[in-house]
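Got a structure here, written out as structure tokens. Questions coming.
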Amino acid sequence: MRILIYICLCIIAFTSVSNARTDRFRCIIRDNPATSMVIGWNQVSGSNPIVYYDTKDHGQSISNYGYSAYPQRTIHAKGMHNHYVRLNGLKPNTVYYFVVQDDDGTSSRYWFQTLPDDHNERLSIVAGGDSRNYRIGRQNANRMVARLRPHFVMFAGDMTGGDTEREWKEWMLDWQLTIPKDGRITPIVPARGNHEFSNRSIIDMFDVKTPDIYYGLTFARGLLRVYTLNSMMPSSGAQKEWLANDLKENQDIAWRFAQYHHPMRPHTRRKSEHEYLRRYWGPLFHQYKVQLALECDSHMAKVTWPIRASNDKESDEGFVRDDANGTVFIGEGGWGAPLRDADDSKSWTRAIGSFNQVKWIIVGLSKIEIRTLPTDNVQDIGYLTDNNRYNKPAGLTMWKIGGQEKVDLFNRNVNAFAPQERASLMEINSALAETTEESVELKWETIYEEEFTKFRVQSSTDRVFWKTLATLKGQGESEDKAQYYNHIDKSINRGGKIYYRIVAIDVLGRERVQASIEIRSVGNELMETLQTTLSSGRLIVPVVMPYDEQITIDILDINRRLVFRRALDLPKGQHRLPLNVKHLPVGSYLLELNYRNKIFKKNVKVAIPGGD
């Protein structure tokens, strides 16, 4: 049974054009790159920050912006008060302008662009890693990002040298050099390196969703899937299983890239081999057609021929050249770390060198272009625009390999991937769940079903890692006639929260439509009675934490729509959590506190300030 919490709110609005004390901005791709974006910053002073955003540029006039959002997560880490706003439901391939307004004033106006949602589009990517302690080199590479204006950056770890507060504050300050004068922020897809001493560093600095820092993101509706792997975690076991399953389920993607920190076979003698990565990931790269892998750690430049893992006697250090079905490995760092000698070439190495550099990758449906860009002369390079971002900027010098400024890789399966498409009319209707003590029965119906459709039934406890429970064959082509399906899940975790999704897959392996079902059940134990008071638009929630743990507080309106969310990392002990709810209209709401996959609710009486 759900308990409504009655919250009467007095809205106090004010505007200011003074500068807010915010800095160290960054954008992160966390979910669907076409419809979401994370905005992160350091809140130096001031309180109650709000992000105002719109598809039109209103400068610092917050009253003209059409949308606003509060931080869903705040964390004091690495000497900064990091705030993260997770925007969802955005329009693909669209510019969004935003400012942060708090009690001290309004920030400068910035903007980002969501990614395209069409596999016929091209993508521009800057890729690299190792920026840890040569600040001039790091700053030059950051300036290169500002000049190229890529869709996003793949960064494969070792941001700093010692993972200290001072170093991270310097790193985030230097990252502002990726922002040109017009305020455009290029989003980052980060991986962990060995100089990030724990996964927590990447989570706290970039709001990465997965606790073990390995995850996949699909770009441009199947054009590209990027696998961010964690070479600081076991390459076997859970990570290998996840990688194998995800690769298997995404063979309809045109291009598959991987990024991780430690190279399987370093190209400097000062670095040791990483045989376990080759043994556990190498065969998967070949089996499931990973065409490109970004490695770092060695502080040098390399490009290999297409290769595959092999134990045959003709192999060289466990790889053989395979131009038809191999993986091209690029890297190995050089974003701003001490350079090492490029003195360990293999028979399948295409080129190596020792200089500060980043990779510039243009991804199209039929081919990708890989360029290696020295960064020391970045001041001589001109700026691209969003309209010519695939062109060579003035003054750019590229590392030539075999006399050529780029390496081309061609997609041999492009015709199988992208046949002439027609619009899909199929719909999944009436997706629901019926629960018993032993199981959950999922039921759904379809109309306009296509021939050879299949349905993938999946479950998750965090909406990040999805487990496939079953794959059902469709009943065949239909027009407006409804067709019915069901699946029984007996592995339900009582006292927790479970998410289900039904994914309709067509004959070519493409995802056509999807339906989501959420099971919420209240745990048997209570943490602490929740009591709230309202003061100047703040909702105070006292909580007693039995452990160091993350909690999430949700506020939902009477239509069960989420109107407020905040995630917090709390240490053990008593806390009084102030929630800024001034933006909510007067009315009745449901407050839910999510802790260890359980939900807690309590009746709360709130008085209007100054009232009886």
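The numbers here are math on the coordinates, done by the rules we state, and not lab data. All values derive from a computational prediction rather than experimental measurement. Positions of Cβ are generated from backbone atoms using ideal geometry, with glycine treated the same way; all protein chains shown enter the neighbour counts.
Compute the distance in nm between two label points, each set 7 Å from the Cα along the Cα-to-Cβ direction, one at S347 and one at V44.
5.9 nm
Among S47, G89, W111, whose Cα lies farthest out toward the positive end of the dipole of the stretch 22-113, if unit charges sit on the beta carbon of Lys, Arg (+1) and Asp, Glu (-1)?
G89
With θ set to phi - 60° and the Karplus curve 6.51 cos²θ - 1.76 cosθ + 1.60, what are the ³J(HN,Hα) couplings of the stretch 30-42 in order, to the nearest whole Hz, using x for Gly and Pro?
Here the 3J(HN,Hα) series is 10, 10, 4, x, 7, 10, 8, 6, 9, 9, x, 7, 9 Hz.
With charges set only on the Cβ (+1 for Lys and Arg, -1 for Asp and Glu), what does the dipole of the chain come to about its Cα centre, in debye to the nearest 20? Please list the in-between numbers first.
Details: 80 positive and 73 negative charges, 148 e Å.
For this selection, approximately 720 debye.
For a 25 Å ceiling on Cα separation, which of these pairs sit above it: K289/K497; K443/K490; K209/K271; K209/K392? Provide the component values of the computation, followed by the final result.
Numbers: K289/K497 35 Å; K443/K490 14 Å; K209/K271 31 Å; K209/K392 35 Å.
From K289/K497; K443/K490; K209/K271; K209/K392, over 25 Å: K289/K497; K209/K271; K209/K392.
Of T453, V513, W466, which is farthest towards the positive pole of the stretch 427-520's charge dipole, taken about the Cα centre with +1 and -1 on the beta-carbons of Lys, Arg and Asp, Glu respectively?
Result: W466, furthest along the dipole toward the positive end.
Among DSSP bridges having both ends in the chain, what percentage is antiparallel? Round to the nearest 5.
Details: 129 of 153 bridges.
Roughly 85 percent of the DSSP beta bridges within the chain come out antiparallel.
Here's another thing I want to ask about it. To the nearest 20 debye, what is the magnitude of the charge dipole of the stretch 123-416 about its Cα centre, counting +1 on the Cβ of each Lys and Arg and -1 on the Cβ of each Asp and Glu?
The dipole magnitude comes to about 600 debye.
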